[in-house]
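**Q** This is the structure I have questions about; it appears just below.
The values are calculated or read from the model by the stated rules, or taken from the named source; none is laboratory data. Nothing here was measured: the structure is a model prediction, and the numbers come from that model. Heads up, the Cβs are rebuilt from the backbone with ideal geometry, glycines too, and the neighbour counts pull from every protein chain shown.
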Amino acid sequence: MSFLAPLFLASLAALAVPVIIHLVQRERREVVAFPSLMFLRRIPYRSERRRRVRHWLLLAMRCMAVALIAAAFARPLLQRSGAAGLSEGGSAREVVILLDRSYSMGYGDRWARAKATAGKALAGLRAGDRASLVLFDDDATAVTEPTEDVALLRAAIDSVSPGSGITRFAPALRLAGRILSESRFPSREVILISDFQRAGWRVTAAGDTKLPPGVTLTPVEIGDSTDANVAVTAVELHRSFGRGREQIIVAARLANAGSFTVSREVALELDGRKIGSRQVAIPAGGAASISFEPFPLGEATIRGSVRAEADALLADDARHFVVSRGENVSVLLLSGRGGSSRGVHITSALGIGSQPVFRLDRRRGSGTVTAADLAAKGVVIMDDVASSKAAERALEEFVQKGGGLIIATGEGAGSWTNGSALLPGSVGGVVDRPLGDGGIVSELDHSHQVFKQFATPRSGDFATARFLRYRKIEPAADSRVIARFDDGAPALVERSHGDGRILLWSSTLDPYWNDLALQPVYLPFVHEMVKYVSGYAERAAAFPVGSVIQLDQLGGGSELPQSDGGLAIVSPTGARERVARDGAIRIREPGFYEIRPASRPLATPLVAAGNVDPAESDLTVMDAREIVAAVTSDTQLLTSATATQDLTAADREKSQGLWRYLLLAALFLLAIESVLSNHLSRPRGVGVARS
Amino acid sequence: MHAEAATPALHGARFLDPKVLARIGDIEIIARTVVEGFIGGLHHSPNVGLSVDFAEHRSYMPGDDIRRIDWRLFGRTDRFHVKEFEADTNTDAIVLLDISRSMDYGSGSVTKLDYGRYLAACLAYLSRRQRDRVGLVTFDSEVRNVVPPSAKHLPAVLHAIERIKAGGGGGWGGPGNLERPLSSIAENIRRRSILILISDLYEEPERVAVAVRKLHGRGSDLIVLHVLDNAELQFPFEDAASFRDLESDEDLPVLPTELAERYRELVGNHVAELRRQLEDSRIDYALFDTSQPLDHALFEYLARRQRLARVR
């Protein structure tokens, strides 16, 4: 039960009135202040304590009458459950049942109760009513068109089960709004059946999520009081090299949303075999991290899972990943003439790192390269070397085919042919900056991949490097300047040529003309340049459910044999799907997706792992009225928020008519009270000091 | 020093009526008027001036105030001698004034608290005239204000008395609570003093005796001035009324005509028992009716002071 005008309940304070009257009426004499009643109190038979209630029954009746009157004015409203409410009503209705099928609905018996609630809502439909069923998680799908066929709707409800998506109310409400806005029925309702997770509703989503005027929204909560749930929320893979072999250390993070500390066994499975387990205690509302023993990587791709002991919500008890050997980027470094330290810094920088591994081939003193030198190379770095026409031709062909080229200028770089299609700009004379001060790189294009990781604060400061010399570069029309010195001169210029990329650095990559090589940003800078020109893309270990990926994100698909007929995809539950080779692959469920050429069903598949979004593991419940208030108009709010299902004015009045009975009861009580008090107040023999 | 002593005890020592004093706003003027008039009526009583009487000479000691060297004697003897007076050995006189809410009662124009204030001011003034160090403590259920005894504190004491608001204090809060403030006061009095307790003593006599013995027990001399309104003594009410306790705000329906006699009897017994208990403890006790002049209080004080001087 709720109240339409709960403010009137404040008048319950009037309950004090009968009590006060009861007490005060008995003593109306003058009050005389006296220093102390110490002596007067010792004469008990002449005085009487005033604060004593004599007629409890009268008092109770008066209080009850006041309480009834206050309750009547507050307009009590009989509240019915959403499903039950549908069984009443006057005119034909258009009902949209929104059924939450996010994976949190698989918790305990929530899904069974949700289906039963939807069934009750269908049972409340009368002849002429229409209903449609919308299933939603992060996306909303109308399973049925608006129909009067209850059996069809019932079958649709029976056939569905919780998915692997996360709760998002806004798309479902928008779809319901669209369905109802096309309806001509005078009474339109939305019944929202969900566990109402807080994570599913963003206040910002309310702006463009409004139900049409006149639509009533009835939330039906399926959630229960318990929120105990343990989830594997993240898995990290750390590569290391020991005894000449590449090893992987798996670390996992587990979260406990419940109110008690729990202990769980967590296992690591590789290719379906359990290879290790750990017992971990996770504090209430907290998280814990564990790591497993390292395992070696072979040639084959490994499918791994970190699996916690099963609890009421199974979907988030495991996280899957795919891991294979780190990729190599083959680099040819050509260093110019100079001391023995020439090229040392680049060599050192590229000697570090495992993702990818840079396989470096180094030559000193000459810029002469042939096509044979460039075979099987991914990237060529020309570190302050003179060029020749033949070398330029070989490099142009190399870049054209997808190779990467980094040119660092310096003393010996003046021989490059200006106007060459290879160079991103013409290389001019040397610019000297005043000694002791030097120039700095002051402008970086943080949107470019090379500088993206320096975009956040404290992620690297190029301004600490001092540049005493650099060459003047006139960028070509089709090139892009991605770094500049403080005098505006280009520092790094990029150009694409064919399938490859070229970067031109206007100073040295050794500490001859600058001290960049001595700064912390040097190593990531060199790595990012090489990765960029080589077209290297890190392969993701797993993808969240709901994401759409392309073959490129699985390593470019080079591991798959070329064939016609697109790709055949087998989902973790065995569902098969065919897409074009450059088509999108949608991750719909957690587990391992196998991707093969459609024409080669026995080929070794490319594997992608899918995981549920851990945000759904947080079962914190929101107040459903918040959604009602946000998506319904003000005039609807009163009835919607109180979850009434009644449609017609008569129905509404019927559920609110309790006030009449309360008033009648109050009048009846007051009548009896009058009779009783008259009877009790008849004169009797009263003592001298009595009231 | 009896309740009946409110009737003339000294010839010619009848002073201003409390109702007249009530029209004088300045407490210092009241005190001076009463005390000077009172002393004037004593006809140079030997009780007065003790503190300024010469006692003896003694040799000057380094550290003595050179203003006190008797230069005449120096002229005669060529030696430094210092004059000593009785005043130098004077005592502390501390007025303990009850400011509980029950004191804020007066059937006439003067409440018990006003009367207590006049008494306190007059006694402080008189004490200072006697070269005593004067102090003041006001209390209800707790100690509210303390002016420590000092030869220079008369203005502070009079100012503190002036500031006491009628009903400003709380009540004692129930039987037995007189003991708490008085215990607290007793713990803070370090040297032998004359303590003058002014209160309406709405407490069982046994408890009053227990409470005031703590003051007396430290070697101090104690004078208890019991102040009651005439209506409290005579209970002149006739109409049935609800009587409200000023201390506890409790109401009690009362038919005065039925119980006045019994009330007077109880009050009489109370006063008699108080006197007996206190005198058994060698504590001076006097009852004051606020409709009577103040001279008796002053006489009581001086008589006590004289006795003390003799002991020294």
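**Q** Can you tell me which residue among B:SER141, B:SER127 is in contact (Cβ under 8 Å) with a residue 12 or more places away in the chain and not in a loop (DSSP other than H, G, I, E, B)?
**A** Being in contact (Cβ under 8 Å) with a residue 12 or more places away in the chain and not in a loop (DSSP other than H, G, I, E, B) holds for just one of B:SER141, B:SER127, which is B:SER127.
**Q** I need a count of the residues in region A:591-624 that are among the charged types (D, E, K, R) and surrounded by fewer than 16 Cβ atoms within 10 Å (Cβ to Cβ).
**A** Qualifying residue count, region A:591-624: 2.
**Q** Considering only region A:585-630, how many residues are in a strand (DSSP E or B) and touching a His at 6+ places or on another chain (Cβ under 9 Å)?
**A** So the count comes out to 5.
**Q** Determine which single condition A:ASP552 fails, assuming it passes every other condition in (1) in a loop (DSSP other than H, G, I, E, B); (2) modelled with pLDDT under 75.
**A** Single failed check for A:ASP552: (1).
**Q** Quickly run through region B:177-206 and pick out the residues that are touching a strand residue (DSSP E or B) at 6+ places or on another chain (Cβ under 8 Å) and either without any contact (Cβ under 8 Å) to a residue 40 or more places away in the chain or within 14 Å of another protein chain (Cβ to nearest Cβ) (or both).
**A** Once the filter is applied, which keeps residues that are touching a strand residue (DSSP E or B) at 6+ places or on another chain (Cβ under 8 Å) and either without any contact (Cβ under 8 Å) to a residue 40 or more places away in the chain or within 14 Å of another protein chain (Cβ to nearest Cβ) (or both), region B:177-206 yields B:LEU178, B:SER199, B:ASP200, B:LEU201.
**Q** If you don't mind, another one. Show the residue pairs that are 6+ apart or on different chains and have beta-carbon atoms under 8 Å apart, the first residue being within region A:661-678 and under 15 Å from A:CYS63 (Cβ atoms), the second being of a type in the set (Gly, Ala, Ser) and surrounded by 14 or more Cβ atoms within 10 Å (Cβ to Cβ).
**A** A:LEU662/A:ALA71; A:LEU662/A:ALA72; A:ALA666/A:ALA65; A:ALA666/A:ALA72; A:LEU669/A:ALA65; A:LEU670/A:ALA65; A:GLU673/A:ALA65
**Q** Here's a follow-up. Tell me the strands (runs of 3 or more DSSP E) entirely within region A:390-490 that contain at least 1 residues that are free of Cβ contacts under 8 Å to residues at least 60 places away in the same chain.
**A** A:425-432, A:441-444, A:469-475, A:480-485
**Q** Still on this structure: For the condition of a type outside the set (Val, Ile, Thr) and within 14 Å of chain A (Cβ to nearest Cβ), what is the one hit in B:ALA209, B:ALA231?
**A** Testing whether each residue is of a type outside the set (Val, Ile, Thr) and within 14 Å of chain A (Cβ to nearest Cβ) leaves just B:ALA231.
**Q** Oh, and also: Can you say whether A:ILE248 is in a strand (DSSP E or B) and modelled with pLDDT of 90 or more, as far as the supplied structure shows?
**A** Criteria not met by A:ILE248.
**Q** Turning to a different aspect of this structure: Please go through region A:251-266 and give me each residue that is in a strand (DSSP E or B), under 26 Å from the mean Cα position of the chain (by Cα) and without any contact (Cβ under 8 Å) to a residue 60 or more places away in the chain, ordered by number.
**A** Within region A:251-266, A:ALA251, A:ARG253, A:LEU254, A:ASN256, A:VAL262, A:ARG264, A:VAL266 qualify.
**Q** Now for a different question. Within region B:238-253, is there a residue that is under 18 Å from B:LEU287 (Cβ atoms) and either within 14 Å of chain A (Cβ to nearest Cβ) or buried (at least 20 other Cβ atoms within 10 Å of the Cβ) (or both)?
**A** no
**Q** Go through region A:285-340 and tell me which strands (runs of 3 or more DSSP E), entirely inside it, have 2 or more residues that are polar (S, T, N, Q), within 30 Å of A:GLU246 (Cα to Cα) and more than 25 Å from the chain's Cα centre (by Cα).
**A** Because the criterion is at least 2 residues that are polar (S, T, N, Q), within 30 Å of A:GLU246 (Cα to Cα) and more than 25 Å from the chain's Cα centre (by Cα), the strands (runs of 3 or more DSSP E) in region A:285-340 that meet it are A:328-335.
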